[in-house]
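Peer 1: If you scroll down you'll find the structure; I have some questions about it.
What follows is calculated from the coordinates using simple rules that are stated; it is not laboratory data. These numbers were taken from a predicted model, which means no experiment stands behind them. Methodologically, a virtual Cβ is constructed for each residue, glycine included, from the backbone with ideal geometry; neighbour enumeration extends over all protein chains shown.
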Amino acid sequence: MTYDFTGKVALVTGGNKGIGKAASLAYARTGAKVAVNGTDAASGKATVNEIRKAGGEAVFIKADVSNAKQVEAMITETVETFGRLDFAFNNAGIEGEGPITHEYPEDVWDRTIDVNLKGTWLCMKYELIQMLKQGGGVIVNMSSIAGLVGGASPAYNASKHGIIGLTRSATQIYADKNIRINAICPAVIRSPMVDRFEQLDPPLVAEWKTMHALGRFGEPREIADVVLWLCSDRSRFVSGAVIPVDGGWTVH
C-alpha cells in the first residue's frame, strides 16, 4: 500500500533508531518532509542523511521529550523549517527496566514516567497548539502491549497504560477540530534492545517469541506501515483507537 504525503510534514520523536527510524524513512518515501527527533545526534543525522540521499527532505532536531522547553523548541523548529505540522508520531521512550514493585528504585520510576508518559503529554501539548492554529492534523502515540496487559516493569507498564488514557481523553476534546489521535500497541519488535536481551538471556527471548501467535517478532517497518495508515485518509473515521500490532500476543 502506498501513500502520497507530498506537501505534508511529519515529526517522529525517537525517530533516529528502531521503529522511529523505520517510520521516518517511511514518511519520507511518501513525499512528506520529516523532522527526526532524538537525543543522539550521530544516529539522528545519519537517518536524515539517508533520507536526503534518497531524494527526501528531513532535518534532525535534538531534544529530550521530558523537557518542556526543548519540546516547545522542537515544534517551533519543525514549523519554522517546513511551515507546518501535519503528522506527529510520538514514539520516544525508554525501557524502564527494573525489579518488582516493592524493590523498584525511585529514580528509575521517575525517569521512565518522565520520558514515556510526561514526554508524550508534552509533545501532544505543543503539537496540538500548532495543529489548532493550522486547522487540523493527526497524532499517533506509541503505547505497547504493556499498556494492555501486565508483565513488564512497573514504571513501563504504568507509563504505557497512561499513554492510552491520554490518547482517549484528548480524542474527545479535539475530534471536532479536525485532529485525529490514536495509539498503537506493539508487542516485541526486532530492535537493538531485543538483540541485547538475546545475547544476555537467549531462553527468555525464545520464550517471548512463543507468545506471538504468528510465531515471530515484528519488524520495525510493520509498525511504520500502521502509523502511515493512521495518518492517511484511508483511516479518516478512526480516532481514539488503541490498536494492538502484536502478532497475536494479546489473544493468549
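Peer 1: For segment 69-137, compute Rg over Rh where Rg is the Cα radius of gyration and Rh is the Kirkwood radius from the inverse mean 1/r over Cα pairs.
Peer 2: Working: Rg = 15.4 Å, Rh = 13.6 Å.
So for segment 69-137, dividing Rg by the Kirkwood Rh gives 1.13.
Peer 1: Among I19, I189, which comes first, second and so on when ranked by fewest other beta-carbon atoms within 10 Å?
Peer 2: Values: I19 28, I189 21.
By the 10 Å Cβ count, ascending: I189, I19.
Peer 1: A further question on this structure: Give the order of E207, E77, E198 when sorted by the count of other beta carbons within 10 angstrom, beginning with the fewest.
Peer 2: Numbers: E207 10, E77 17, E198 14.
Placing the least packed residue first, the sequence is E207, E198, E77.
Peer 1: Set the Förster radius R0 to 25 Å, insert the Cβ-Cβ distance between N49 and T6 as r into 1/(1 + (r/R0)^6), and round the FRET efficiency to 0.05. Please report the intermediate quantities before stating the final value.
Peer 2: Working: r = 21 Å, r/R0 = 0.85.
That pair, N49 with T6, gives E of 0.70.
Peer 1: On to the next question. From zero outward in steps of 10 Å, how is the percent of C-alpha pairs of segment 146-252 spread across the bins?
Peer 2: 13, 39, 33, 12, 2
Peer 1: Something else: Within the chain, which DSSP H helices have Cα atoms that stretch 15 Å or more along the helix axis and a mean Kyte-Doolittle hydropathy of at least 0.0?
Peer 2: Working: long enough: 18-29 (17 Å, 0.35); 41-53 (18 Å, -0.55); 68-82 (21 Å, 0.08); 119-134 (23 Å, 0.04); 154-174 (30 Å, -0.19); 220-231 (17 Å, 0.90).
Helices meeting the criterion: 18-29, 68-82, 119-134, 220-231.
Peer 1: Treating only the Cβ atoms of Lys and Arg (+1) and Asp and Glu (-1) as charged, compute the dipole magnitude of segment 128-252 about its Cα centre; round to the nearest 20 debye. The partial results should precede the final answer.
Peer 2: On the way: 12 positive and 10 negative charges, 92 e Å.
For segment 128-252, the charge dipole is close to 440 debye.
Peer 1: Semi-axes, largest first, in whole Å: what does sqrt of 5 times each Cα gyration tensor eigenvalue give for the chain? Before the final figure, lay out each step's value.
Peer 2: Numbers: eigenvalues 150, 78, 70 Å².
Those come to 27, 20, 19 Å.
Peer 1: Now for a separate question. Taking the Cα centre of segment 25-182 as origin, sum charge times position over the Cβ atoms of Lys and Arg (+1) and Asp and Glu (-1), and report the length of that vector in debye to the nearest 20. Walk me through the intermediate numbers first.
Peer 2: Details: 16 positive and 17 negative charges, 145 e Å.
Result for segment 25-182 is approximately 700 debye, rounded to the nearest 20.
Peer 1: Helix-only estimate, please: 222 nm mean residue ellipticity of the chain, summing -39500 (n - 2.57) across DSSP H runs of length 4 or more and dividing by its residues, to the nearest 500.
Peer 2: Details: 9 runs with 114 residues, N = 252.
Taken over the chain, the calculation gives -14000 deg cm²/dmol.
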